[in-house]
Amino acid sequence: MKWNWKKDLSTIAGITIASVVMAVNIKSFVRTGGLYPGGATGLTILIQSIFKLYFNIELPYTLINILINSVPVYIGFRFIGRKFTIYSVITIILTGILTDLLPGLQITEDILLISIFGGIINGAAISICLLSGATTGGTDFIGIYLSDKKNVDSFNIVLAVNAVILLMAGLLFGWDKALYSLIFQYASTTVIHALYRKYQQSTLFIVTSAPNEVTEAIYRITVHGATILEGEGSYDHSERKVIYSVVSRAEASKVISEVMKIDSHAFINEIDTRRLQGNFYRRPEE
């Protein structure tokens with residue numbers, strides 16, 4: 001586990017901002033609207049609501065959230081990366097403490113606005129955390145583990161966990177809250193997919209006259225290989241080389257920029273990759 005103080009200070013700043021935004025969002029949007037987000041946050045709030053309604057006991061958010069995250073945190077330490085998990089634990093604890101201490105601010109009483117904008121803010125906070133090199137815990141650990149180590153699409157598993165939380169919330173506290181929570185989750189997921197692209201892939205087809213330099217650039221930037229295909233121009237019937245490679249969507253722009261520096265006349269087609277089977281290298285978390 002190596003430490004780079006400049007990078008680590010940037011990470012700490014990022015997760016601190018994410019924790020503050022997450023806590024404010026929970027107190028000002030989630031609690032105000034009586035919503036139940038997905039993952040550990042939603043399960044924590046659901047447990048709090050059950051104990052308050054049926055036992056008249058107010059449990060602290062921090063305690064429940066840490067207990068729920070104990071198994072995902074173990075998965076993080078064991079299989080994902082120690083530094084990544086340490087920063088994630090800091091995020092979990094800091095978010096919990098701020099949620100317990102910060103006062104709630106009611107911005108609006110419109111539950112639809114709360115669901116949409118609360119979901120957007122939640123997605124932005126999670127994205128800031130992920131881009132900083134950590135996670136907010138819960139199903140994020142499980143999703144990263146399955147995507148990174150097992151090459152399994154974790155979407156259906158995370159969706160199933162969230163569905164159980166919404167089902168319990170609907171049965172206990174009313175289906176209107178559960179349905180509005182679904183809107184919240186959809187808005188949050190949409191923002192995360194737009195901002196965080198590490199586990200999304202792009203397929204690149206590059207027609208170039210400098211195939212060796214292009215493949216070297218792809219490997220240097222992404223640590224991914226490429227396939228050189230033989231081609232022929234349909235207009236002048238001249239020989240062409242077509243480079244085929246799959247890279248992470250977050251690195252695609254860097255690759256395209258570097259290719260254009262190497263060959264300003266290159267023709268590049270970037271395609272969203274929906275499914276990938278086989279070995280695909282992903283940079284491990286620290």
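Any read-out appearing in this document is the output of simple, stated calculations on the displayed coordinates, not a laboratory observation. These numbers were taken from a predicted model, which means no experiment stands behind them. All Cβ positions, even for glycine, are placed from backbone atoms using ideal geometry, and neighbour counts span all protein chains on display.
Summary of computed values
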item: Estimated FRET transfer efficiency (Glu232, Ala194; beta-carbon r; R0 45 Å; 0.05); result: 0.70
item: Gain upon complete extension [Leu276, Lys254; 0.36 nm per residue less C-alpha separation]; result: 5.8 nm
item: The chain shape via C-alpha gyration tensor axes, a/c threshold 1.5; result: prolate
item: Highest to lowest packing among 127-138, 79-90, scored as the average C-beta count within 10 Å; result: 127-138, 79-90
item: Residue of Glu232, Glu251, Glu216 that the Gaussian network model of the chain assigns the largest fluctuation, springs spanning Cα pairs under 10 Å; result: Glu232
item: Lysine pairs with alpha-carbon atoms under 22 Å apart, segment 5-195, spacing 8 or more or separate chains; result: 7
item: Length-normalised contact order of segment 201-273 in % [C-alpha pairs under 8 Å, at least 6 apart]; result: 49
item: Degrees between helix 5-25 axis and first principal axis of the chain (Cα, 0 to 90, nearest 10); result: 50
item: Nearest 10 degrees, 0 to 90: helix 175-195 Cα axis against the chain principal axis; result: 30
item: Estimated [θ] at 222 nm from DSSP helical runs (n ≥ 4, -39500 (n - 2.57)) normalised by residues in the chain, nearest 500; result: -19500 deg cm²/dmol
item: Nearest-20 debye value, the chain charge dipole, Cβ charges on Lys, Arg, Asp, Glu; result: 760
